[in-house]
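**Q** Okay, here's the structure, questions in a sec.
The values are calculated or read from the model by the stated rules, or taken from the named source; none is laboratory data. Worth saying up front: this structure is predicted, and the values here are computed from it rather than measured. Backbone-built Cβ (ideal geometry, glycine too); neighbour counts: all protein chains shown. Ligands, DNA and RNA are stripped out before the accessible areas are found, and what is left, the full protein with its side chains, is counted by its heavy atoms. Shrake-Rupley method; radii C 1.70, N 1.55, O 1.52, S 1.80 Å.
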There are 2 protein chains.
Amino acid sequence: MRIGELSRRTGVPVPTIKYYLREGLLPPGELSSPNQASYDDRHVHRLKLVRALVDVGELSIAAAKDVLAAIDSPGLPVHSMLGRAQRAVITSRAGTDDESRESARREVADLFDRHGWAIKEHSTSRQALVELLATLRSLGHDDFIDLLDDYAAAAATLATAEIDWISQDTTSDVMVERAIVGTVLGDSLMITLRRLAQEHESATRFLDGSPQPDRVSGPDGP
Amino acid sequence: MRIGELSRRTGVPVPTIKYYLREGLLPPGELSSPNQASYDDRHVHRLKLVRALVDVGELSIAAAKDVLAAIDSPGLPVHSMLGRAQRAVITSRAGTDDESRESARREVADLFDRHGWAIKEHSTSRQALVELLATLRSLGHDDFIDLLDDYAAAAATLATAEIDWISQDTTSDVMVERAIVGTVLGDSLMITLRRLAQEHESATRFLDGSPQPDRVSGPDGP
DNA sequence: GGGTATGGATAGGATAACTATCCGACAGTG
DNA sequence: CACTGTCGGATAGTTATCCTATCCATACCC
């Protein structure tokens with residue numbers, strides 16, 4: 001198929017496909033003549049994947065390119081794959097002062113001890129967590145940290161289930177794509193469900209027993 | 001204090017503070033003369049909050065402005081507050097075709113039944129979830145949906161804990177800020193922990209038993 | 001063989017989030 | 001009270017990201 005049909009089958013405009021080709025998100029089609037290329041079903045799937053990562057997973061084009069590059073390197077072990085997918089998603093930041101960060105660092109270490117997590121000190125996610133706790137503290141919401149163990153326990157359960165899922169199919173290609181999809185879209189899924197659960201819980205808690213004033217709206221009101 | 005000290009105390013550059021003032025994220029200081037304003041601790045806190053929402057919570061300036069506006073409207077009930085915080089975070093999208101979306105819609109309805117969630121059909125998050133499942137399906141990863149109940153159960157637990165936390169302090173102002181901080185930073189927290197749990201789980205699963213080839217790296221390797 | 005589509009290159013546009021510059025007005029120092 | 005540095009407010013410029021638009025020589029299709 002040529003670029004027009006690729007566009008029709010995926011809903012992605014032709015100029016955008018060209019852009020993705022330029023950026024290396026999408027491998028070039030097979031050239032039948034110097035200026036005539038043909039694409040196949042793999043391109044269709046890849047393009048859908050790109051849109052999923054970018055639209056649903058909210059990756060930047062550059063980050064998407066990174067993870068996709070991992071898909072293309074054959075035989076990469078799943079653990080490093082996961083890592084690569086993770087690094088693509090993480091946007092590092094640092095904004096708090098050293099004092100609050102120091103105590104946050106200890107809290108994180110304790111948390112990992114309690115849950116038996118062996119995470120390297122320089123892990124990007126670990127630093128992100130430290131920064132997050134320091135931020136909460138500097139805002140005066142240190143007690144949110146009481147919920148930390150609940151969050152961590154939930155995260156552990158999900159991680160186990162997800163890695164089970166990744167391991168279900170032992171084909172390397174499939175595992176790699178699952179690792180990516182699971183990491184990236186799994187984030188979105190978790191967030192969306194958390195929001196829905198909040199919506200339900202807050203409705204039953206704050207609305208059911210005690211009806212609210214007139215023009216009050218719930219999570220999706222005006 | 002004047003703008004320079006505000007900047008020093010928060011680490012935010014003066015021009016950026018001016019920008020936030022222009023955009024209405026930060027209320028103007030009190031004018032002592034036509035061109036001399038003074039700021040106080042409330043400005044310091046607000047500015048920290050802005051940076052937390054923008055840097056850690058990854059809200060856009062416009063979205064941050066929205067949630068902050070909610071903080072400023074007095075006496076807003078918590079349920080609507082939560083909703084407002086949520087809408088600021090959600091970036092709506094639509095990309096899948098109608099057929100896969102239709103079956104996704106049913107799956108979502110079933111899920112909500114199983115968990116006893118009463119969520120309105122037009123809820124933004126609900127639509128986001130439908131879109132997400134449809135995307136997974138179109139990528140050929142429908143079986144990821146088997147994990148849905150685990151995710152939902154985890155989300156429910158967390159939502160309960162979080163709304164308990166919000167309700168701990170009955171001062172309206174505090175509840176409102178907690179709803180926002182909990183929603184926005186809670187997202188980041190959950191994602192970060194999920195990643196850490198994955199890192200741990202994948203390390204114990206894929207590395208411990210079977211050492212990998214030489215130059216292989218974990219989630220934070222080169 | 002003539003209109004339409006294609007591939008590849010290059011340029012242009014939209015938006016977001018700052019950042020820089022200016023200028024006239026203070027403010028603190030001595 | 002002069003002087004040096006900072007301030008508030010306005011306006012313009014910058015950078016990055018993610019596309020769109022336009023060209024043009026070729027190729028496909030009827």
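**Q** How long are the three semi-axes of the equivalent ellipsoid of segment B:60-111, in whole Å, if each is the root of 5 times an eigenvalue of the C-alpha gyration tensor, listed from largest down?
**A** Equivalent ellipsoid semi-axes, largest first: 32, 15, 5 Å.
**Q** List, shortest first and in nm to one decimal, how far the label point of A:Arg42 (7 Å from Cα along Cα→Cβ) is from its counterparts in the other copies.
**A** Ordered by increasing distance: 6.3 nm.
**Q** Also, I was wondering about something else. Please report, for A:Thr157, the nm distances (one decimal) from its label point, 7 Å out from Cα along the beta-carbon direction, to the equivalent points in the remaining copies, shortest first.
**A** Label-point distances to the other copies, shortest first: 0.3 nm.
**Q** Give A:Lys120/B:Lys48; A:Lys65/B:Lys18; A:Lys48/B:Lys120 a once-over and call out the pairs whose C-alpha atoms are over 31 Å from each other.
**A** Too far apart for the 31 Å limit: A:Lys65/B:Lys18.
**Q** Report the one residue of A:Ala104, A:Thr192, A:Leu132 whose Cα lies farthest in the direction of the positive end of the charge dipole of segment A:89-207 (charges on C-beta: Lys and Arg +1, Asp and Glu -1; origin at the Cα centre).
**A** Positive-most Cα among the choices belongs to A:Thr192.
**Q** Also, I was wondering about something else. Would you please state which residues of segment A:110-152 a label at A:Thr204 would reach in this model, taking the label point 7 Å out along Cα→Cβ and a backbone N cut-off of under 12 Å?
**A** none
**Q** Follow-up. Cα atoms only: what Rg and Dmax, in Å, come out for the protein assembly as shown?
**A** Cα-based Rg and Dmax for the protein assembly as shown come out at 23.0, 75 Å.
**Q** Assuming a viscosity of 0.692 mPa s and a temperature of 37 °C, what translational diffusion coefficient in µm² per second does Stokes-Einstein assign to chain B, Rh being the Kirkwood radius over Cα pairs?
**A** Answer from the Stokes-Einstein relation: 158 µm²/s.
**Q** Looking at A:Ile17, A:Ser167, A:Gly57, which one has the Cα that reaches farthest to the positive end of the dipole of the protein assembly as shown (charges on Cβ: Lys, Arg +1; Asp, Glu -1)?
**A** The listed residue farthest towards the positive side: A:Ile17.
**Q** Among A:Glu23, A:Glu201, A:Glu107, which one shows the biggest mean-square fluctuation in a GNM of chain A, springs joining Cα atoms closer than 10 Å?
**A** Most flexible of the set in this elastic network: A:Glu201.
**Q** If a/c stays under 1.5 just call it rounded; otherwise compare a/b with b/c (prolate if a/b is bigger, oblate if not). Do that for segment B:36-90, with a ≥ b ≥ c from the square roots of the Cα gyration tensor eigenvalues.
**A** Verdict is oblate for segment B:36-90.
**Q** Please compute the modelled spin-label separation between A:Asp40 and A:Thr171, points set 7 Å along Cα→Cβ, answer in nm with one decimal.
**A** Modelled inter-label distance: 1.4 nm.
**Q** Sticking with this one: With chain B treated as a Gaussian network of Cα nodes joined by springs under 10 Å, which of B:Leu59, B:Leu148, B:Leu25 yields the largest mean-square fluctuation?
**A** The residue that fluctuates most here is B:Leu148.
**Q** Moving on. Got the A:Ser103 label distances to the other copies yet, label 7 Å along Cα→Cβ, in nm, shortest first?
**A** Here A:Ser103 shows inter-copy label distances of 5.3 nm.
**Q** Going from the alpha-carbon gyration tensor of segment B:3-56, what semi-axes, largest first and in whole Å, does one get by taking the root of 5 times each eigenvalue?
**A** The three semi-axes for segment B:3-56 are 18, 11, 10 Å.
**Q** Roughly how many whole Å is it from the C-alpha centroid of segment A:1-60 to that of segment B:20-43?
**A** Answer, in whole Å: 50.
**Q** With a 1.4 Å probe, what is the total accessible area buried between chains B and A, in Å² rounded to the nearest 100?
**A** 9000 Å²
**Q** Go through segment B:124-147 and flag every residue whose accessible area shrinks by 30 Å² or more with all protein chains in place compared to the isolated chain (probe 1.4 Å).
**A** When all protein chains are present, B:Ser125, B:Leu129, B:Leu132, B:Thr135, B:Leu136, B:Ser138, B:Leu139, B:His141, B:Asp143, B:Phe144, B:Leu147 each give up 30 Å² or more of accessible surface.
**Q** Report the charge-dipole magnitude of chain B in Debye, nearest 20, computed about the Cα centre from +1 at each Lys and Arg Cβ and -1 at each Asp and Glu Cβ.
**A** Computed about the Cα centre, the dipole is about 1060 debye.
**Q** Oh, and also: What FRET efficiency comes out for B:Asp146 versus A:Tyr19 if R0 is 30 angstrom and r is the Cβ-Cβ distance? Round to the nearest 0.05.
**A** After rounding, the FRET efficiency stands at 0.25.
**Q** In debye, nearest 20: dipole of the protein assembly as shown around its Cα centre with unit charges on the Cβ of K, R (+) and D, E (-)?
**A** 1540 debye
**Q** Whenever you get a sec, compute what percent of the accessible area on chain B sits on carbon and sulfur atoms (1.4 Å probe).
**A** 49 percent
**Q** From the phi angles alone, apply the Karplus equation (6.51, -1.76, 1.60; θ = phi - 60°) to segment B:71-81 and give each ³J(HN,Hα) in whole Hz, x where the residue is Gly or Pro.
**A** 4, 7, 7, x, x, 5, x, 4, 4, 5, 4
**Q** Need one number: nm distance between label points at A:Arg114 and A:Met1, each 7 Å from Cα along Cα→Cβ, rounded to one decimal.
**A** Label-label distance for A:Arg114 and A:Met1, simple model: 5.2 nm.
**Q** Moving on. From the phi of every residue in segment B:105-118, what ³J(HN,Hα) in whole Hz does the Karplus formula 6.51 cos²θ - 1.76 cosθ + 1.60 yield, where θ is phi - 60° and glycine or proline is x?
**A** Result, rounded to whole Hz: 4, 5, 4, 5, 4, 4, 4, 5, 4, 4, 9, x, 8, 9.
**Q** Okay, moving on. Consider the operator that turns chain B into chain A: which B residue has a Cβ nearest its axis, and what is that gap in Å?
**A** Smallest Cβ distance to the axis, with its residue: B:Ala154, 2.
**Q** Something else about it: What shape does segment A:97-151 take by its C-alpha gyration tensor, where a ≥ b ≥ c are the square roots of the eigenvalues and a/c under 1.5 counts as rounded, a/b above b/c as prolate, and the rest as oblate?
**A** Oblate is the answer for segment A:97-151, as a/c is 1.5 or above yet b/c matches or exceeds a/b.
**Q** May I pose another question? For segment B:176-193 and segment A:81-158, what is the separation of their Cα centres, given in Å?
**A** Using only Cα atoms to place each centre, the spacing works out to 13 Å.
**Q** Which of rounded, prolate or oblate describes segment A:89-207 when judged by the alpha-carbon gyration tensor and an a/c cut-off of 1.5?
**A** Oblate, because a/c is 1.5 or more while a/b does not exceed b/c.
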